[in-house]
C-alpha cells in the first residue's frame, strides 16, 4: 500500500509541475516523466495493480462511450476506408521491417516481427513472454515508438498548430495556474459542490464495468476500454438516458494512465539500446513518416481534424493514444476504432502468418 501511495504522489506531483509550467499534455506526460525521474533517483517504483488498471481503462471507456450519439455515429461510417488503409500499412510495416531485422541483424523471426508490429508495449511484451521471444529486443522497439509519440510527435504538433490558444503572458499564466491548483486543493472553488448531488451516474459506471468485464473475459484487445465504450454506446443509442459521469474525475483517470505508462518504461529499464540504435532510428523514421502520410490520406477521406488523424495513425498503444485524443477533445471514438483495427490486424492476421512462417 505504501508503494502504491508513493506512486500516486509522484505521478500527481509530475502533473502539478507540468501544469504550472505549461508543458504539453500535463496530465498524461507529467506523471510519466516524474515516475521515470523518481526511479533514477533511487525511489522504488512498483507497477499498478491489474485491477486498478482495469478500472482506469473502464472509466475512460465510459467517458468516451457516453459521448456517442446518432449524430456522431454518422462519422463512424467513414471508418471503412481508413481501416483498410491501416490494415495494409500495418501489414507492410510489420513484415517489411521485421525481415530487415532478420536479414541484417540476425534476430530470430518471432522476436523480429513482434518488435516491428505497431501494437503497444504491454500487449507485445506479454505476447513475447508467452511465446518465448526475446522480450528485451521487443521492448526496445515498442518503447521507442511510445516515447517518441508522447514526448516528441504530439507536443511538436500541438506547438506548430497552436492548439493551446491562451494569450496571456507566461509568468502571469504560471501564477494563475498555481492559484487555481491552490484553490482546488483548499476547496475554495465550491460552485460545483454547492449544486445538488446527483449520484445517478453510478448506474452508468456499473454498465461500463459490466461491458469491461465481458470484453476482458472474452479476450477482446484492449478489453476494459473497448467493452465499456461499446456497451455504454449501445445502451445510450437504444434510447435509454445515461447520466454523464462528472468531468472532475477525467483528470484523475488521465493521471492514472500516465503513471501506468511511466511504470511500464521503468519496468523495461534494463533494455540496452546500443546494439540496435541504427535500426531503432531507421525504423522510427520510416514508421512515423509513413504514419504521417497515412494521416494525411485519412484526413482527405474523412475530413477529420488533423490531430485526430495523427493520433489515429500514431504507432503506439491503444490506451495512451486514446487518453491523448480524449484530453485534447479530438474524435476519441474514431481514434480508438482505427487503433483497434491495427491491433486486430496484428493479432488476427500478422500473428497467424508469423506462426506459419516460423
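Would you point out the residue of region 259-287, among those that are at pLDDT 80 or above and farther than 30 Å from residue 85 by Cβ, that is farthest from the chain's Cα centre (by Cα)? By that ranking, first place goes to 277.
Is one or more of the residues making up region 311-324 closer than 30 Å to residue 207 by Cα, under 18 Å from the mean Cα position of the chain (by Cα) and surrounded by fewer than 15 Cβ atoms within 10 Å (Cβ to Cβ)? No.
Remark: pairs (first residue in region 120-144, farther than 18 Å from residue 343 by Cβ; second residue surrounded by fewer than 19 Cβ atoms within 10 Å (Cβ to Cβ) and modelled with pLDDT under 75; Cβ separation under 7 Å; 6+ apart in sequence or on different chains) = 135/129; 136/271; 140/271; 140/273. Restricting attention to region 13-47, the residues being within 16 Å of residue 323 (Cβ to Cβ) and surrounded by 19 or more Cβ atoms within 10 Å (Cβ to Cβ) number 14. Check whether at least one residue in region 213-234 is over 23 Å from residue 51 (Cα atoms), surrounded by fewer than 17 Cβ atoms within 10 Å (Cβ to Cβ) and at pLDDT 85 or above, and report yes or no. Yes, region 213-234 has at least one match. On the stretch given as region 33-54, residues that are closer than 30 Å to residue 206 by Cβ and touching a residue at least 12 places away in the same chain (Cβ under 8 Å) total 7.
Checked against (1) crowded, with 20+ Cβ neighbours inside 10 Å; (2) under 15 Å from the mean Cα position of the chain (by Cα); (3) touching a residue at least 60 places away in the same chain (Cβ under 8 Å), residue 327 passes all but a single condition, namely (1). For the condition in contact (Cβ under 8 Å) with a residue 12 or more places away in the chain, farther than 18 Å from residue 205 by Cβ and assigned to a helix (DSSP H, G or I), residue 249 does not qualify. Does residue 100 meet the test of being at pLDDT 85 or above, part of a loop (DSSP other than H, G, I, E, B) and touching a helix residue (DSSP H, G or I) at 6+ places or on another chain (Cβ under 8 Å)? Spelling it out, it is not the case that residue 100 is at pLDDT 85 or above, part of a loop (DSSP other than H, G, I, E, B) and touching a helix residue (DSSP H, G or I) at 6+ places or on another chain (Cβ under 8 Å).
The values are calculated or read from the model by the stated rules, or taken from the named source; none is laboratory data. A quick note: this is a predicted structure, and the numbers were derived from the prediction, not measured. We place every Cβ from the backbone using ideal geometry, glycine too, and count neighbours over all the protein chains shown.
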